[in-house]
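See structure below.
The values are calculated or read from the model by the stated rules, or taken from the named source; none is laboratory data. The structure displayed is predicted, hence computed values, not measured ones. Cβ sites come from the backbone with ideal geometry, for glycine too, and all protein chains shown count toward neighbours.
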């Protein structure tokens, strides 16, 4: 993945070209980096726990609260969750939610389409 792939206009200067490796955040797909970096693997397990809870119907706050309690019990990140419980919970609740963003965009687009269709119909019947 290259940073310049996200640019609206092509940058020919070369000053903004960085690359990044994308890591699969599924704990079932363990990469060599995850094997070497326990904090990364612990974080992936925590995020996955929240995602799975959300898929099973839990609300976001309930899923985060459950995952934090689980992470404390499992001593993930060597006690970081226990020491920073409030901060972790707050950050997890305010973290960008791509699925929620997509859902809101679809709803907005649908509403815009309805309004445009109604306006077009009003013009045609006038």
| note | Quick count over region 27-39, residues being surrounded by 12 or more Cβ atoms within 10 Å (Cβ to Cβ) and assigned to a loop (DSSP other than H, G, I, E, B), is 4
| message | When you scan region 40-54, do you find a residue that is without any contact (Cβ under 8 Å) to a residue 60 or more places away in the chain, in the same structural domain as residue 85 (by TED's automatic domain parsing), in a loop (DSSP other than H, G, I, E, B) and surrounded by 12 or more Cβ atoms within 10 Å (Cβ to Cβ), even just one? | response | no
| task | Answer yes or no: is there a residue in region 95-106 that is touching a helix residue (DSSP H, G or I) at 6+ places or on another chain (Cβ under 6 Å), surrounded by 10 or more Cβ atoms within 10 Å (Cβ to Cβ), part of a helix (DSSP H, G or I) and free of Cβ contacts under 8 Å to residues at least 60 places away in the same chain. | result | no
